[in-house]
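Please read the structure below before turning to the comments.
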Amino acid sequence: MKRRAVLRSFLALPVAAALPSDALPQEVKASPPDTPKILTTDSDSVAVPTVGTFDSAQFSALRKLGEILMPAALDTPGALETGAPEFLDFLIGVSPPGRVTLYKTGLDRLNAEAHSRYNRSFGEITAAEAEPILAPLHAPWSYRGPVDPFAKFLLAAKSDLLTATANSREYVTVVSQRRRGGGGVGQYWYPIE
Amino acid sequence: MIDHDVLIIGSGASGGMAARELTRRGIKCLMLDAGPPTDFERDRGPKRVYDLPYRGFGRPGRFPHVTQASEFNANLWADEKQNPYTYDPASPYYWVRVRRIGGKTLVWGRASWRLSDFEFKGKDHDGFGDNWPVGYKDLAPYYDRVEPLLRVAGRKEGFPQIPDGVFLEDSSTGSESLDRFLAAAKSRNVPTTKPRRATGSLASSVNLLLPDALATGNLRIVSNAVVREITTDKNTGLANGVHFVDRRSKREFHVQARVVVVGASALESSRLLLNSGVANSSGVLGHYLFDQFYVKNVVTCIVPEARGGQPRRGLMGGSGYIPRFRNLDTREKNFIRGYAYDFGSGGSPGASYFPLYGEALQKELAATSGAQFSMTTMGEVLPRYENHVSIDRNVKDEWGIPALHIQHKYTDNEFAMAKDSMQMAEELCHAAGFEVLAKHWEMVPPGESIHELGSCRMGDNAKTSVLNRYNQTHDIRNLFVVDGSAFVSGGSQNPTLTISALAMRASEYLAEQMRQGEI
């Protein structure tokens, strides 16, 4: 039960959770033959996303950050298994410039701190070694958040990595199999004409 | 060619109510709305979050001012690029709009509280601002009729600051943690009650008001009609129609009218009047803008006995409301007027509250799952002349209509109230035995509560108000504004119930004036 509770917290999608899984459109069974519903699959399932917002050092740091902040558990995938860093590479790349800068300078800072302390990149250090670098994440919550850009980046990355993980196909599929009604379903409003 | 008596602009709480009341009295109405109708079967449907292009994050930068927008409901809200507005960057304003038939009644929170003479006659109470030209006794009969229409459920308490009404039986349940909180509040003479909310799977103009109007055969609705300007007769000065633009084709139209009723929502109505250059002999049009400030999750607590991730049955659940309790029989030193709270037991605190990560965070989230108790403050914002809207001629919307410039700041009174609300909330939660996980008093930006009010206020003096006590413009007797822009003050109560009651009253008056040939 504890694991389920964790998943519910991560998902934070009360509307979605309220819907039964069978509320989703069902596959074609009795459609008239002249109006077939063509089933398709999504890109994530068959292809590897191209990353390019962050350079290799930055992306390596982001992957390590994901591994530390949202690790896999026995029965649930973590950030790496759900492609959360790759997704954030895309998401941040299409975000307003301030967000891009926050991430790039934050990831650079992670590498600089790791080099300064251990003469290795952030992607090469252990979770225990990363602990002092990630100390700003132990600051108490405040409404406005920290002023320091590095602390601000760490909090943003924590939130984004958790959400990107919890909203992934891999994660939702695991939760859905365990819990009646599943997770990650919401009422989507289609664009107006 | 006119085969309608009244032209109604807007189809939400106020426009919908006007249409219902006027058509029932045999008056032919034509309604214009800037948005399309909603086909609930076609326009929405279930989706998995991972099937959305942005995994539930939404397209970055699409809605910088609509914190309510998610990737699921993004297409429900008015597009900010198509519908721009401006403000001083030092004083941001979050203008949240819905452009569909039914307006914001498609998404409102449904809380339905009556105003009282603590608001209608606020100046008599503390000397600030102006009284409304109407009192509670004037609105009470209309509240009595609106509540059943909206199917409001609630509990009668006898509190003078939120007068009782005509309620459906409240069937909500409580819990042990909620009872503890209620006891803590009672010991400090802080009043509590159950929520008062419109019920039903949908509680909107589109299912509660417009069908009645359409059933009379006296209403026609034109969708996708973006109204640009109210036109007037050069000889009489009376309103004689409107120019509008088709939202999709941008084709221009003019439609004539004998009477114009504006219910386009507070700021859109004032924008339309300002762009039309009408009803502003007082110079007050656009001024005295206010809303209700929110301190979202002013306290977030953990109910200790619920720790462990599996609260025992009956411990958690339920919600309630604390009506204004400050400055009723006593006087606070630091602020006038008052605030209210929503509170609720249950749910799980978000990960951001915990200064943890990795496995430690997951353990803590598991331990506190379902153990949350939280409160949100809703406070009165004082109506001030300097908080106002004007037309920004340099910025136009998608249809070439000049945009609004919004100037609104909270002042010391609101800040003092917000701080007081945090202290009291913390005190109550401690007294209930809850662990306070987080507390703050920072208000959301003006506008975010979606309770924008005023800017076209009513009053008996034509030199200091735009509308008379029946929502009729002082300047043009066949022009009415029936939405929240008419408010003189707002209290801390959610405004839709009062907007509806005022629109019903104004429509009844208009119908009688038309029957007598006065309009």
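For the stretch B:1-74, the strands (runs of 3 or more DSSP E) that sit wholly inside it and include 1 or more residues that are β-branched (Val, Ile, Thr), in contact with a helix residue (DSSP H, G or I) (Cβ under 6 Å, 6 or more places away or on another chain) and touching a residue at least 40 places away in the same chain (Cβ under 8 Å) are B:6-9. Scanning the stretch B:33-56 for residues that are among the aromatic types (Phe, Trp, Tyr) and under 26 Å from the mean Cα position of the chain (by Cα) returns a single hit, B:Phe40.
Look through B:Tyr288, B:Tyr294 and report the one residue that is of a type in the set (Phe, Trp, Tyr) and closer than 30 Å to B:Arg188 by Cβ.
Result: B:Tyr294 is the single residue among B:Tyr288, B:Tyr294 that is of a type in the set (Phe, Trp, Tyr) and closer than 30 Å to B:Arg188 by Cβ.
Would you mind finding the one in B:Asn461, B:Asn471, B:Asn494 that is over 18 Å from B:Arg97 (Cα atoms) and either crowded, with 24+ Cβ neighbours inside 10 Å or within 14 Å of chain A (Cβ to nearest Cβ) (or both)?
One residue alone meets the criteria, B:Asn471.
Taking each residue of the stretch A:64-75 that is at pLDDT below 95 and looking for partners that are of a type in the set (Lys, Arg) with beta-carbon atoms closer than 9 Å, six or more apart or interchain, yields A:Ala73/A:Arg3; A:Leu74/A:Arg3; A:Asp75/A:Arg3; A:Asp75/A:Arg178.
What number of residues within the stretch B:106-120 are of a type in the set (Phe, Trp, Tyr) and not in a helix (DSSP H, G or I)?
Matching residues across the stretch B:106-120 total 2.
Note on the stretch B:263-287: residues that are within 12 Å of B:Glu229 (Cβ to Cβ) and crowded, with 23+ Cβ neighbours inside 10 Å amount to 3. When both residues are 6+ apart or on different chains and their Cβ atoms are under 7 Å apart, which pairs have a first residue that lies in the stretch B:353-365 and is more than 7 Å from chain A (Cβ to nearest Cβ), and a second that is among the charged types (D, E, K, R) and surrounded by 16 or more Cβ atoms within 10 Å (Cβ to Cβ)? Pairs that qualify, where the first residue is more than 7 Å from chain A (Cβ to nearest Cβ) and the partner is among the charged types (D, E, K, R) and surrounded by 16 or more Cβ atoms within 10 Å (Cβ to Cβ), are B:Phe354/B:Glu364; B:Leu356/B:Glu364.
Can you tell me which residue in the stretch B:75-105 is nearest to B:Asp246 (Cα to Cα), limited to those that are more than 10 Å from chain A (Cβ to nearest Cβ), outside any loop (DSSP other than H, G, I, E, B) and not β-branched (Val, Ile, Thr)? Among those that are more than 10 Å from chain A (Cβ to nearest Cβ), outside any loop (DSSP other than H, G, I, E, B) and not β-branched (Val, Ile, Thr), it is B:Gly103. Taken as a whole, the structure places B:Phe325 among residues that are of a type in the set (Phe, Trp, Tyr), surrounded by fewer than 22 Cβ atoms within 10 Å (Cβ to Cβ) and more than 14 Å from chain A (Cβ to nearest Cβ).
Scan the stretch B:33-55 residue by residue and report those that are at the interface with another protein chain (Cβ under 8 Å from one of its Cβ atoms) and within 27 Å of B:His451 (Cβ to Cβ).
Listed by number, the residues that qualify are B:Gly35, B:Pro36, B:Asp43, B:Arg44.
Screening the stretch B:121-232 for helices (runs of 4 or more DSSP H) wholly inside it with 1 or more residues that are buried (at least 21 other Cβ atoms within 10 Å of the Cβ), touching a residue at least 40 places away in the same chain (Cβ under 8 Å) and of a type in the set (Phe, Trp, Tyr) returns the ranges B:136-150, B:176-187. For the stretch B:344-359, the tally of residues that are among the hydroxyl-bearing types (Ser, Thr, Tyr) and not in a helix (DSSP H, G or I) stands at 3.
Residue pairs whose Cβ atoms lie under 7 Å apart, sitting 6 or more positions apart in sequence or on different chains, and linking a residue in the stretch A:89-111 that is over 19 Å from B:Tyr54 (Cα atoms) to a partner that is not in a helix (DSSP H, G or I), are A:Lys104/A:Phe54; A:Leu107/A:Phe54; A:Leu110/A:Ile133; A:Asn111/A:Ser121. Taking first residues from the stretch B:394-420 that are within 30 Å of B:Lys439 (Cβ to Cβ) and partners that are surrounded by fewer than 17 Cβ atoms within 10 Å (Cβ to Cβ), the Cβ contacts under 6 Å between residues at least 6 apart in sequence or on separate chains come to B:Lys409/B:Ser91; B:Ala416/B:Asn334. Residues in the stretch B:52-76 that are charged (D, E, K, R) and surrounded by fewer than 16 Cβ atoms within 10 Å (Cβ to Cβ): B:Arg59, B:Arg62.
Within this structure, B:Arg197 fails the test of being among the basic types (Lys, Arg) and either more than 30 Å from B:Glu157 (Cβ to Cβ) or out of contact with any Ser or Thr (no Cβ under 7 Å at 6 or more places or on another chain) (or both).
The residue that is nearest to B:Ser492 (Cα to Cα), counting only those in the stretch B:368-411 that are crowded, with 17+ Cβ neighbours inside 10 Å and within 14 Å of another protein chain (Cβ to nearest Cβ), is B:Thr377.
Determine, yes or no, whether B:Tyr87 is in contact (Cβ under 8 Å) with a residue 24 or more places away in the chain, of a type outside the set (Gly, Ala, Ser), surrounded by 22 or more Cβ atoms within 10 Å (Cβ to Cβ) and out of contact with any helix residue (DSSP H, G or I) (no Cβ under 9 Å at 6 or more places or on another chain). Here the answer is no, as B:Tyr87 does not meet what is asked. Residue-level check: of (1) more than 29 Å from A:Arg144 (Cα to Cα); (2) within 14 Å of chain A (Cβ to nearest Cβ); (3) not polar (S, T, N, Q), B:Val299 misses just (1). Counting only strands (runs of 3 or more DSSP E) that sit completely within the stretch B:394-495, zero hold 3 or more residues that are under 25 Å from B:Arg197 (Cβ atoms).
Taken together, the residues in the stretch A:63-90 that are hydrophobic (A, V, I, L, M, F, W, C) and either in contact with a Phe, Trp or Tyr (Cβ under 6 Å, 6 or more places away or on another chain) or not in a helix (DSSP H, G or I) (or both) amount to 7.
Filtered by the rule that a residue be within 14 Å of another protein chain (Cβ to nearest Cβ) and within 13 Å of the chain's Cα centre (by Cα), the stretch A:37-63 gives no residues. Selection over the stretch A:99-155 of residues that are touching a helix residue (DSSP H, G or I) at 6+ places or on another chain (Cβ under 8 Å) and either within 14 Å of chain B (Cβ to nearest Cβ) or modelled with pLDDT under 95 (or both) gives a count of 22. Please determine whether any residue of the stretch A:36-43 is at pLDDT below 95, in a helix (DSSP H, G or I) and not β-branched (Val, Ile, Thr). Checking the stretch A:36-43: at least one residue is at pLDDT below 95, in a helix (DSSP H, G or I) and not β-branched (Val, Ile, Thr). Close Cβ contacts (under 6 Å, 6 or more residues apart or on different chains) running from residues in the stretch B:495-519 that are in contact (Cβ under 8 Å) with a residue 12 or more places away in the chain to residues that are assigned to a loop (DSSP other than H, G, I, E, B) and of a type in the set (Phe, Trp, Tyr) comprise B:Thr496/B:Trp108; B:Ala506/B:Tyr470; B:Tyr509/B:Tyr470.
The set of residues in the stretch A:156-193 that are within 7 Å of another protein chain (Cβ to nearest Cβ) and at positive phi contains only A:Gly184.
The values are calculated or read from the model by the stated rules, or taken from the named source; none is laboratory data. Fair warning: this is a prediction, and the values are worked out from it, not measured in the lab. Note that we place each Cβ from the backbone using ideal geometry, even for glycine, and neighbour counts take in every protein chain shown.
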